[in-house]
Every structure is written in structure tokens, then in C-alpha cells.
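The structure appears below as C-alpha cells.
The values are calculated or read from the model by the stated rules, or taken from the named source; none is laboratory data. Since we're looking at a predicted model, the values are computed, not measured. Virtual Cβ from ideal backbone geometry, glycine too; neighbours counted across all protein chains shown.
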Amino acid sequence: MTINHTQANNIHQSRIKGLEPAAPRKLQHRRTFCYEVYERCDGLWEIDAQMLDHKAHELTLANQVRAVGAPLHDMVLRLTIDNNLVITAVTCHTQSAPYMAHCPAINPHYQKMVGLNILQGFRQSVKQLFAGIQGCTHITEMANSLPTVAIQGISTQIAMRNRQASKEIDDSGNKPFQLGGCHALALDSEATQLYYPKWYEKPMGSE
């Protein structure tokens, strides 16, 4: 997984769509996160992640001139995960950073994620293991989004296959994990009433 770094020609073009027209302005900085989930042929799963920072102007930092479009930060991370959502392997590289003679030295510390469950206390463990000088701010920030990525790309697939295997697709008896996890899927919401009527609860005070 690689995000294109040759952005000098269109660095000032916004990549964010859907917002109202903005007042006259000039781009200063762009931060990009990318996450990809893969199922391996041996039954394991992998999440590849990349974090990029670009400046829209030439910058001198640590006695090095960085051209427009050149990445200020470029960190990549790969987690290998089993079907119990336990991390079995970690790969971590710093491809660009302000202090390349020093920043990558922390990368081996992220092997401490091996053995963690991506959905059970993961963020708390990451905070404890890599806070402050024990980690890289940007790699840790990238890691903090991994649980929700795993939910979308791995746990939903595993849950669906388990239900199909037991032929209990519609009658598992277990409340879907996403209910009650956000505003749209509150137990008393219209979305829950429409798509999960079995678990719908009338709002308090309603007739």
C-alpha cells in the first residue's frame, strides 16, 4: 500500500468534498490517513496503515529543505491479526520524518503490540505502552484508529460467517454489536426501529 507522493502540481487542490464553498484561503498543510484490510490465504488478517503529512510550501526543518509536495511525515504500519482478533505480528517503518537519523529508532518498540487484542482494551494499552518518549506521536495516533478499522474489515466478516455457519442469520438471539454505539443507532432511534425492530426501544416519555 502506497499513497502517491508526487503532489507538487496539485497540492493546493482540496481533496475534501461535500462542504459549503469556503472564503478565499490558501492551503498550508495536509494530513492523510489510509487504512486497508486484507484477508490472507492462511486464514489470518492484515491491516495496513499509512500516515502522511505534506506542507503546501517549501519548508526548512532540521537543516533540510523540503520541497512542496514532499512528505514531512510518512509512517507505515502493518498488523497481522488472528480470528480471535489478537495481534500476532507487527511491521512498522518510518519512511520520512524531520529527524530521520533519530525518529525510526522507536519503531521496534511497537512490537509490544503483539499479543494485544485489537478490540479489548487496545487503546488503553497503546496509551500505556507508547505515551510520551516511549513512542512516536504519529505512529501512536495512527494506531488509535485501528480498532474501528478492525470492526469494519474483520470482526463483521467473522460474525457474518459464524452466523451463516450456524444457520442463525436472522435468529441468533444476540444483539448486533453496533446498536447503542452511536447516535444513529441508539436503541430508540428511527434507524434501529427500521432496520433492527427486534431491538428497538420506545423513547422515554413517548406514548
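Couple of notes before you dig in:
- Any hit, the range 104-121, residues being of a type in the set (S, T, N, Q), farther than 30 Å from Asn10 by Cα, in a strand (DSSP E or B) and at pLDDT 95 or above: yes
- Cβ-Cβ under 7 Å pairs, at least 6 apart or on other chains, the range 136-164 side in contact (Cβ under 8 Å) with a residue 24 or more places away in the chain, far side of a type outside the set (Phe, Trp, Tyr) and part of a helix (DSSP H, G or I): Cys136/Cys103; Cys136/Ile106; Ala143/Val126; Pro147/Arg123
- Matching residues, the range 13-32, being touching a residue at least 12 places away in the same chain (Cβ under 8 Å) and in a loop (DSSP other than H, G, I, E, B): Ser14, Arg15, Lys26, Leu27, Gln28
- Counting the residues of the range 55-89 that are surrounded by 16 or more Cβ atoms within 10 Å (Cβ to Cβ) and acidic (Asp, Glu) gives 1.
- When the residues of the range 38-54 are filtered to those that are without any contact (Cβ under 8 Å) to a residue 40 or more places away in the chain and assigned to a strand (DSSP E or B), the one that is surrounded by the most Cβ atoms within 10 Å (Cβ to Cβ) is Glu46.
- Contact map, the range 60-88: first residue assigned by TED's automatic domain parsing to the domain that holds Lys112 and without any contact (Cβ under 8 Å) to a residue 60 or more places away in the chain, second residue assigned to a loop (DSSP other than H, G, I, E, B) and among the aliphatic types (A, V, I, L, M), Cβ cut-off under 7 Å, separation 6 or more or different chains; pairs are Ala67/Ala8; Thr80/Leu44; Asp82/Leu44; Ile87/Val114; Ile87/Leu116; Ile87/Ile118; Thr88/Leu44; Thr88/Val114.
- Number of positions in the range 89-102 that are in contact (Cβ under 8 Å) with a residue 12 or more places away in the chain and in a loop (DSSP other than H, G, I, E, B): 3
- Taking the criterion of being within 16 Å of Ala49 (Cβ to Cβ) and surrounded by fewer than 16 Cβ atoms within 10 Å (Cβ to Cβ), the residues of the range 90-110 that qualify are Thr91, His93, Gln95.
- Test: Glu58 is more than 16 Å from the chain's Cα centre (by Cα) and more than 30 Å from Arg161 (Cβ to Cβ): yes
- Scoring Tyr35 on the criteria (1) without any contact (Cβ under 8 Å) to a residue 40 or more places away in the chain; (2) in contact with a Leu (Cβ under 8 Å, 6 or more places away or on another chain); (3) of a type outside the set (Lys, Arg) leaves a single failure, condition (1).
- Among the residues making up the range 41-63, a single one is of a type in the set (Asp, Glu) and touching a helix residue (DSSP H, G or I) at 6+ places or on another chain (Cβ under 8 Å): Asp53.
- Within the range 177-198, restricting attention to residues that are aromatic (Phe, Trp, Tyr) and part of a loop (DSSP other than H, G, I, E, B), the residue that is farthest from Ile151 (Cα to Cα) is Tyr196.
- Qualifying residues in the range 143-183 (those that are modelled with pLDDT under 85 and at positive phi) - the one surrounded by the most Cβ atoms within 10 Å (Cβ to Cβ): Lys167
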